[in-house]
Amino acid sequence: MSRESYRIACIPGDGIGKEVIPAGQTVLEALAAAVGNGPGGFDFRFTKFDWGGDYYRRHGSMMPEAGLDEIRDMDAILFGSAGDPDIADHITLWGLRLKICQGFDQYANVRPTRILPDIDGPLKRCGPKDLDWVIVRENSEGEYAGVGGRVHQGHPIEAATDVSMMTRAGVERIMRFAFALARSRPRKQLTVVTKSNAQRHAMVMWDEIAVQVSREFADVKWDKELVDACTARMVNRPASLDTLVATNLHADILSDLAAALAGSLGIAPTANIDPQRRFPSMFEPIHGSAFDIMGKGLANPIGTFWSASMMLEHLGQPEAARVLMQAIEAVAADPALHPRDLGGKATTAEVTRAVCDRIKQPPDAPSAPPPKGGAAGGRGVRQPVQP
Ligand code: ATP
């Protein structure tokens, strides 16, 4: 069997992205040494790109004009964050992250949420098994299509529009992806999030297409929920949800709520997927640049590690993804290894070292206790193959 050598573009970006992405590389290297060794194994070739706020200060753009061509042939992208206190948010977002997502048509944004063992979330009555969701966000159009404009700028009659653009092709492909993902999970259950009571054009089409696509997935149980009611359901009846699909804006908001309910923004991962695999997909923690803690060694790297585990699933290394997820869960289960956002004192370096140590342990080594709630927690997100 030949050995796989994955080319990974690392884009740390801004703020704590510069701390968590190197930590992610360290963990992936430990994993390649421990799990990817031998015939049929794998390793990584990382290439770093210094795009982001500092690049903008030097060059006037967040990334080079032809930057997409530099990473087009990579197997995957590991991304930190984009955001800078001195640069407008719409410039940092559109100039880097969205440029990559849209340029590579990464139309499915996948955000798993679970309460990891021994993480103290705000839903006190909710156990790990009651909150196990995957939110699928439409990532290429809708409210963030960039359609709109401003006229009469600075004058009293100034006007501005942001038009939500939904296409039949765009909605069909994300519905199909979400139904297929729901089918691949044990409960085979999908909630289609909508707002068709108030938005009576695009969201009505969204609902109609959900009904049409559902006919291809007779074995998937599905329901429809208004986005406002969905926020209440996430808090009051978390176990009634499994896989969710929502528009770009709705899912953006719901997934931050999901991350907070699971304990911290610092844990949550996300994947921007091109299901047809024409382009590299991009994996990133959902938190932003968090300049308030930058350079202090306090950033929680778990969101990046979990994103790396999703990347391994996507690259076709489910065993490595499982080993990494188990290591993450074992470390999360030890309060002495909780960083500040989880109420502890551990540093980025200490959490990274602990995850690497756990990875290096042979599978039956007795030293660390298994996390409560089951060690076999590596329920990585299987990405369904798109027709
Ligand atoms: P951006 O403007 O780039 O979206 P932000 O600075 O608003 O990002 P967020 O990532 O949204 O920051 O996080 C809000 C706060 O949560 C941060 O200011 C930080 O204190 C905390 N936080 C976020 N991610 C982490 C992390 N990985 N580790 C520790 N604390 C975090």
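The values are calculated or read from the model by the stated rules, or taken from the named source; none is laboratory data. Please read all numbers here as calculations on a predicted model, not as lab measurements. Cβ placement follows ideal geometry from the backbone for every residue including glycine, while neighbour counts extend to all protein chains displayed. Each accessible area value is taken on the protein alone, full model and side chains, heavy atoms only, with ligands, DNA and RNA left out. Shrake-Rupley method; radii C 1.70, N 1.55, O 1.52, S 1.80 Å.
For segment 291-332, a residue qualifies if it is of a type in the set (D, E) and open to solvent by less than 10 Å² (accessible area, probe 1.4 Å), and exactly one does: E329. Please return the ranges of strands (runs of 3 or more DSSP E) entirely within segment 39-146 where 3 or more residues are of a type in the set (A, V, I, L, M, F, W, C) and either touching a Gly at 6+ places or on another chain (Cβ under 9 Å) or away from the ligand (no atom under 16 Å from the Cβ) (or both). Where strands (runs of 3 or more DSSP E) fall fully within segment 39-146 and carry at least 3 residues being of a type in the set (A, V, I, L, M, F, W, C) and either touching a Gly at 6+ places or on another chain (Cβ under 9 Å) or away from the ligand (no atom under 16 Å from the Cβ) (or both), they are 42-48, 76-81, 132-138. Looking across segment 170-197 at every residue that is open to solvent by 70 Å² or more (accessible area, probe 1.4 Å) and farther than 14 Å from W222 by Cβ, the one that is nearest to the chain's Cα centre (by Cα) is identified as P186.
Residues that are assigned to a helix (DSSP H, G or I), in contact with a Leu (Cβ under 9 Å, 6 or more places away or on another chain) and open to solvent by less than 10 Å² (accessible area, probe 1.4 Å) are absent from segment 334-345. Checking each residue in segment 323-348 for being over 20 Å from A262 (Cβ atoms) and either of a type in the set (V, I, T) or under 22 Å from the mean Cα position of the chain (by Cα) (or both) picks out V323, T347.
What about A260, is it in contact with a helix residue (DSSP H, G or I) (Cβ under 6 Å, 6 or more places away or on another chain) and either basic (K, R) or in contact (Cβ under 8 Å) with a residue 12 or more places away in the chain (or both)? No: the conditions fail for A260. For segment 258-273, a tally of residues being β-branched (V, I, T), over 9 Å from G303 (Cβ atoms) and in a loop (DSSP other than H, G, I, E, B) returns 0. Taking residues in segment 268-290 that are open to solvent by 10 Å² or more (accessible area, probe 1.4 Å), and partners anywhere that are among the charged types (D, E, K, R) and within 12 Å of the ligand (Cβ to nearest atom), the pairs with Cβ atoms closer than 6 Å and at least 6 places apart or on different chains are S289/D14.
Results for (1) within 14 Å of M282 (Cβ to Cβ); (2) assigned by TED's automatic domain parsing to the domain that holds R97; (3) in contact (Cβ under 8 Å) with a residue 24 or more places away in the chain, shown as yes or no for each residue.
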residue	(1), (2), (3)
R3	no, yes, yes
L28	no, yes, yes
N37	no, yes, no
L68	yes, yes, yes
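For segment 162-213, the set of residues classified as touching a Pro at 6+ places or on another chain (Cβ under 7 Å) and among the polar types (S, T, N, Q) consists of S184 only. One residue is enough: does segment 13-23 have a residue meeting the conditions open to solvent by less than 50 Å² (accessible area, probe 1.4 Å) and at pLDDT below 95? Scanning segment 13-23, I find no residue that is open to solvent by less than 50 Å² (accessible area, probe 1.4 Å) and at pLDDT below 95, so the answer is no. Of all residues in segment 37-78, how many are open to solvent by less than 80 Å² (accessible area, probe 1.4 Å) and under 18 Å from S5 (Cβ atoms)? Residues in segment 37-78 being open to solvent by less than 80 Å² (accessible area, probe 1.4 Å) and under 18 Å from S5 (Cβ atoms): 14 in total. Please indicate, with yes or no, whether at least one residue in segment 319-329 is within 16 Å of the ligand (Cβ to nearest atom), in contact (Cβ under 8 Å) with a residue 60 or more places away in the chain and touching a strand residue (DSSP E or B) at 6+ places or on another chain (Cβ under 9 Å). No, because not a single residue in segment 319-329 is within 16 Å of the ligand (Cβ to nearest atom), in contact (Cβ under 8 Å) with a residue 60 or more places away in the chain and touching a strand residue (DSSP E or B) at 6+ places or on another chain (Cβ under 9 Å).
Against the conditions (1) more than 25 Å from M310 (Cβ to Cβ); (2) modelled with pLDDT under 95, D132 satisfies every one except (1).
In the set (1) outside any strand (DSSP E or B); (2) of a type in the set (S, T, N, Q); (3) within 15 Å of the ligand (Cβ to nearest atom), the condition left unmet by Q276 is number (3).
Residues of segment 258-267 that are within 21 Å of L226 (Cβ to Cβ) and either open to solvent by 50 Å² or more (accessible area, probe 1.4 Å) or within 13 Å of the ligand (Cβ to nearest atom) (or both): A260 alone. From the list V171, V110, V136, the one residue that fits, being of a type in the set (A, V, I, L, M), closer than 18 Å to L257 by Cβ and in contact with a Phe, Trp or Tyr (Cβ under 8 Å, 6 or more places away or on another chain), is V136.
Could you list, ordered by first residue, the pairs with Cβ atoms under 9 Å in which the first is in segment 153-166 and part of a loop (DSSP other than H, G, I, E, B) and the second is modelled with pLDDT under 95 and of a type in the set (A, V, I, L, M, F, W, C), at least 6 apart or interchain? Matching pairs, first to second residue: M166/A145. Taking the conditions (1) of a type in the set (D, E, K, R); (2) surrounded by fewer than 20 Cβ atoms within 10 Å (Cβ to Cβ); (3) modelled with pLDDT of 95 or more in turn, D118 satisfies each one other than (3).
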